[in-house]
Structure formats: structure tokens, C-alpha cells
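In what follows, a structure is listed as C-alpha cells, so that the remarks can point back to it.
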Amino acid sequence: MNKNIAIVGAGFSGAVIANQLAQAGYTVDVFESRPHIAGNCYSERDAETGVMVHVYGPHIFHTDNERAWEFVNRYAEFKPYVNRVKAITGGKVFTLPINLLTINQFFNKTMGPAEAQEFLQSLGDKSIENPTTFEEQALRFVGRELYEAFFKTYTIKQWGLHPSELPASILKRLPVRFNYDDNYFNHKYQGMPADGYTALVQSIIDVPGVTVHLSTAFDPADKGNYAHVFYSGPIDAWFKHEEGRLPYRTLDFETFRADGDYQGNAVINYCDDDKKYTRITEHKHFSPWEKHEKTICYAEYSRQCEEKDVPYYPIRQTREKAQLELYVNKAKNEDNVTFVGRLGTYRYLDMDVTIHEALLTADKFLETAKNGERMPAFTIDPMA
């Protein structure tokens, strides 16, 4: 029986699947086109400041998923970390997500929870009964003033689209709170790996039977050399973009350093159009248990992803979903290839979801191998 497995991509998807299958007795080759592991979660220490930098932008681990949390804690020490985001709009600093402090500060009031909830309801556009777009969702539930201050311009900078062109589901991920809780996330487990994400992925992938090939692309023509291939690269790239390139947003970072503390917080959003960047992240604050005399920051710019760029956020509008469906149908006709992860399924995934889906994919493969069944092209339906 051929027990050789190829995994394309050494991010969380590839590392977790490699870990699980190697422990089950398979020999695993991991092919990574970049010169490092950990994908966009890659972190390294800045030589000048000593700060642990999230090289492709900040990643904060937050989850309610017990299995994903137990898994990552098996391979790294996690330090408590709460993401407290600030936003600058109209020349003033506010707290996100919108909470009781934000509402009172913005409207210069001193309302309690019930009063603020009633006040916000009075601002909402009652004529919008069933919001279908981001803009309608915002106008219906927070009113025009908060929408234009915090969401409208920021969204245009982030997505390159007017909020009237985006689905309402995007805004549903941004809660409004009628208390003073400024924790950006609302999950049971939140933290940062003490030694960075690269060390975490290295620990996950560092098991007998796994060989990592850095700066090495995988040729789909070589899939016959393996019992199965798990592919976490862009799904359209596997098929040589036969149906055109799936669009993504990408990020550019303007890096700068300073003495001491630059902005006093890890993340500050810039919601107005006078700044072309969406936010500034100060990386020393992502490791508050460390002390550094100097600091390093990223000013973050979002734009359309070009051919040579690093893809970040899939754009899943109607046209893109139709294009994706063509690739999904092609994938289902592939033998012994499973498409995984953010790029392989063209979905925005948080780290915990990526890890949990990778664990489920490994479970499914071991089950099908045991029962002599065919491993599907997807364990999670990309069109759902």
C-alpha cells in the first residue's frame, strides 16, 4: 500500500494534516513555494528592535472550539491576549467594536445600557426591513452617523467597493455592545503563542515522517507519485487559471520604527479618507509580556491582488462565486486530491477554523483509507 502523502503549503492547513497523518504512519512530503513555513501567519524577530513581528499582518488566536484550542496548546505556550482596537474618525479616538463608551463619546451623552439601546434603535432606518447589503445593514441597525463615521470609508479602503456592493453578512461579524466591554472578540479562548506563530507551526510539523521542502513548488503532474495530495494553494492555480484568476484583496505594509511607544495600542483603525491606510499596527503590543525600548509599526494598505502578490482576502461576490463553482466542479473530477484551507476553498477563514477543518480532513482521510473509500475533493463545501 502506498503510504506517501504530498501536502502543498506549509501553513496551518498543511502543517496540521501532516502532523496527523505522520502520526498515523504515513510518510509526508510538504512542499512550500515560499522560503519559510507558517504561510501568512509567519512571524520573526525584527533585528533592529527585537520585537516579534507578524510579517504578513497581525494574527490573534481566538476561538470557542475546544479541539482547536487543545491542539495548539499541545505545541506551544499561549499567553493571554485581549485585542482592544481603537478607531480614529473625525479627529477623535474611539473604541471598537461600538460599545456603550463609543456611543456616549460619539454623541456626547451619558446613557446607560437600556437608554443607549433605545437611542440607537431610534437612529436606525426603519424603512429597511430586510437588509441585503452592508450599507443597508448598517443604516438599519446603527444609523447614518455611526455608519459614515466608522464603516463607510473604512470599508471602501479595505475592499475597494462601496458598502452598497457588499453583502450584509460582512457587517454581522461586527457586534454592537451596550456595555463597556472593549474586547474586540467574544470567544472563550484568546491568546498569543509566546514564541510566535512560526515556532508553533514548526512544532506542529516537526514529527517523524514529515519532510519539508522550502522554496519548492509542487507540479500537479507529479500527483501520481503519491497516494494522495492535500492542496492548500489557490484552487485556480492548480488548474492553471483555466477559468480565469479568482480575485483577492492583498495588503501592502509601510514599515517604520521609533523609540519608545508609537501609538500606545496594538491596532488603531483610520476610518476617514485623509489617511489612505486602513490601520496602523504596533507589533510590540501583540506581545505585552515582553519589554522593548524601540518599536516597529505597519501602516496597512489594501488593494486588488495582482499576479505576483500575496493573496489575503477572497472576494466572494456573485460573479466570483460563479467562477469558483467552475473550479469546484473541476476539483471534484480530480483523483486523489483534496483542496483545503483559505486558498484551496476560496473562503475567509480564521486560524481556529483552519486548524479545526484540517483536523477533520485528516480524520476523514484516515477513515476513508481504513474503509477503502474515495477521499472527497472537499471536506467542507466551498459553495455553502
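The values are calculated or read from the model by the stated rules, or taken from the named source; none is laboratory data. Because the structure is a prediction, the values reported are computed rather than measured. Cβ coordinates were reconstructed from backbone atoms using ideal geometry, including for glycine residues, and neighbour counts include every protein chain displayed. These accessible areas exclude ligands, DNA and RNA; they are computed on the full protein's heavy atoms, side chains included. Shrake-Rupley method; radii C 1.70, N 1.55, O 1.52, S 1.80 Å.
Residue pairs whose Cβ atoms lie under 9 Å apart, sitting 6 or more positions apart in sequence or on different chains, and linking a residue in the stretch 357-384 that is surrounded by 19 or more Cβ atoms within 10 Å (Cβ to Cβ) to a partner that is assigned to a helix (DSSP H, G or I) and among the aromatic types (Phe, Trp, Tyr), are Ala358/Phe12; Met375/Phe365; Pro382/Tyr327. Scanning the stretch 241-274 for residues that are under 29 Å from Leu161 (Cβ atoms) and free of Cβ contacts under 8 Å to residues at least 40 places away in the same chain, we see that the one that is least open to solvent (accessible area, probe 1.4 Å) is Gln263. When the stretch 343-356 is limited to residues that are open to solvent by less than 50 Å² (accessible area, probe 1.4 Å) and either without any contact (Cβ under 8 Å) to a residue 60 or more places away in the chain or in a strand (DSSP E or B) (or both), the one that is farthest from Asn19 (Cα to Cα) turns out to be Arg347. Test Asn73 against the stated conditions and say whether it is open to solvent by 20 Å² or more (accessible area, probe 1.4 Å), free of Cβ contacts under 8 Å to residues at least 12 places away in the same chain, more than 13 Å from Val201 (Cβ to Cβ) and out of contact with any Gly (no Cβ under 8 Å at 6 or more places or on another chain). Taking the combined requirement at face value, the residue satisfies it. Within the stretch 296-315, the set of residues being buried (at least 19 other Cβ atoms within 10 Å of the Cβ) and either free of Cβ contacts under 8 Å to residues at least 40 places away in the same chain or closer than 18 Å to His241 by Cα (or both) comprises Cys305, Pro311, Pro314, Ile315.
Selection within the stretch 45-65: residues that are of a type in the set (A, V, I, L, M, F, W, C) and in a loop (DSSP other than H, G, I, E, B). The member of this set that is most open to solvent (accessible area, probe 1.4 Å) is Ala47.
Restricting Phe151, Phe141, Phe178, Phe134 to those that are closer than 21 Å to Lys92 by Cα, among the aromatic types (Phe, Trp, Tyr) and either modelled with pLDDT under 95 or open to solvent by less than 30 Å² (accessible area, probe 1.4 Å) (or both) reduces the list to Phe151.
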